[in-house]
Amino acid sequence: MLLQNSPAILRHIQRNNIIICSIITNINGLVYIVHNRYNRKGNETLGCTYGRKALIMNVLIIIPAYNEAGIIEWVVDNLIINYPHFDYIVVNDGSKDDTSEICRRNGYNLLDLPVNIGLSGAVQAGMKYAEKLEYDAVLQFDGDGQHDPAYIQPMVNQMVKTGADIVIGSRFKTVKKSFNPRMLGSRVIHCLVRLTTGYNMTDPTSGMRLYSMPIAREFANNINYGPEPDTIAYLLRNGVSLSEVQVGMNERKTGESYLNWAGALRYMMRICSSIVFIQWFRKRSI
Amino acid sequence: MSVLFRIILVIFSLLTVGYIIRKIRRSQLQIEDSVFWIVFSIFLVILAFFPSIAIFLSGLLGIASPVNFVFLVIIFILMVKCFSLSIYLSQLNDKIKKLSQHIAINEKVKEDREKQEVV
């Protein structure tokens, strides 16, 4: 029953001619799968794979990319080579540069949006795809090299352990926030979220978030569900559970952030007004 | 109100009607969207021909200057129109989002299927 719920594993099994003999669950919280295996000479032998249930949760990593031609190859190759057990999808948000060509040339999994519809639309597209392929959870992962894939597994583990609906990769769960102007916005949103929901969301602007499928489905099919702190605050108020994991992030390698000064101001206006005013008369429809 | 000003008002309101009708004839505007503008421009023409309407109504409401009354009404109408356009735009935006997501996902699913057939 475990495998029936996991289409990605099923596909892996079909592709590699694996025949499963038996599945033993729950020995010290581990899952054992006895199956056939091909050794280096190509002969069939018996093998056993085991892992935590967390490893068996199917996560789709959504990598929204807008004009990331300079870095996307580095980001996706790093993911494919070092973390091959995760499925990923690059969502090209109608880039003007050759992001799309680079992805096609390398044979990446690519959702190619014909026009630019913004970050939230791009993430939404990835979630719709995940919904179609019946994944268990989706992870939002920046295409600009800011996020470190080493922290994906800890986040997945956290989701399995706590049963949280959303897990945020926070830069400041155990590390103290520095006092520079870039963190000002983060502090303001942090305060607002704390005031309106009572929840201590240490890094509201972190773009590294893991959503369980029911929540991702809600994101995928509703208007006004941008993957932004205001939506998280709104969901928190509606009883969705949230957990945080300490992560590290890199400085941006190339390209320009979505946010310049004017953009940052507009972003703050939108998020703050959304958290403070608009969320109160929104109706949640599932 | 001077005679010259009234003539200017009448000419401009008629020109507006003419301009709107021409745009509709060249089908640069959908009929549904044009209804508002036709009614609005006829309203302007009527006001230009019979300013006494505005004078009467502003007197009724106790507004000192008929011009204020005209401004108030027109600004209100335009504000409502602007808001409804904003709603319309949001809906269009949502539709474009959904369409492009649908296109991209369909394309991807098709590619996946082709790849599987090759294998």
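The values are calculated or read from the model by the stated rules, or taken from the named source; none is laboratory data. Fair warning: this is a prediction, and the values are worked out from it, not measured in the lab. Note that each Cβ is placed from the backbone with ideal geometry, even for glycine, and that neighbours are counted across all protein chains shown.
Can you confirm whether the stretch A:50-60 contains a residue that is exposed (fewer than 15 other Cβ atoms within 10 Å of the Cβ) and modelled with pLDDT under 90?
yes
Among (1) of a type in the set (A, V, I, L, M, F, W, C); (2) surrounded by 11 or more Cβ atoms within 10 Å (Cβ to Cβ); (3) within 14 Å of chain A (Cβ to nearest Cβ), there is one condition residue B:85 misses while meeting the rest; what is its number?
(3)
Can you tell me which residue in the stretch A:104-115 is surrounded by the most Cβ atoms within 10 Å (Cβ to Cβ), limited to those that are touching a strand residue (DSSP E or B) at 6+ places or on another chain (Cβ under 7 Å) and more than 9 Å from chain B (Cβ to nearest Cβ)?
Looking at the filtered set, the residue picked out is A:108.
Taking the stated definitions as given, is residue A:72 more than 14 Å from every other protein chain (Cβ to nearest Cβ), at pLDDT 85 or above, within 21 Å of residue A:151 (Cα to Cα) and touching a Gly at 6+ places or on another chain (Cβ under 6 Å)?
yes
So which pairs qualify, if the first residue must be in the stretch A:80-103 and touching a residue at least 12 places away in the same chain (Cβ under 8 Å), the second must be surrounded by fewer than 14 Cβ atoms within 10 Å (Cβ to Cβ) and not in a helix (DSSP H, G or I), the Cβ gap must be under 7 Å, and the two must be at least 6 apart or on different chains?
From the stretch A:80-103, the pairs are A:94/A:115.
Can you pull out every residue in the stretch B:7-34 that is closer than 23 Å to residue B:72 by Cα, out of contact with any helix residue (DSSP H, G or I) (no Cβ under 7 Å at 6 or more places or on another chain) and surrounded by 12 or more Cβ atoms within 10 Å (Cβ to Cβ)?
Listed by number, the residues that qualify are B:8, B:12.
Looking at (1) over 30 Å from residue A:270 (Cα atoms); (2) out of contact with any helix residue (DSSP H, G or I) (no Cβ under 9 Å at 6 or more places or on another chain), which is the one condition that is false for residue A:178?
Failed condition: (1).
Picking from B:64, B:54, which residue would you name as being at pLDDT below 90, in a helix (DSSP H, G or I) and farther than 28 Å from residue A:222 by Cα? Give the steps one after another, and end with the answer.
Working: B:64 fails: in a helix (DSSP H, G or I).
Within the list B:64, B:54, the selection yields B:54.
Are there any pairs, at least 6 apart or on different chains, whose C-beta atoms fall under 7 Å, with the first in the stretch B:102-117 and under 13 Å from residue A:125 (Cα atoms) and the second of a type in the set (Gly, Ala, Ser), and if so, which?
B:104/A:125; B:105/A:125
For the stretch A:125-158, how many residues are in a helix (DSSP H, G or I), more than 14 Å from chain B (Cβ to nearest Cβ) and within 12 Å of the chain's Cα centre (by Cα)?
6
Look at the stretch A:228-286 and say how many of its residues are part of a helix (DSSP H, G or I), at pLDDT below 85, of a type outside the set (Gly, Ala, Ser) and surrounded by 12 or more Cβ atoms within 10 Å (Cβ to Cβ).
The number of residues fulfilling the criteria is 2.
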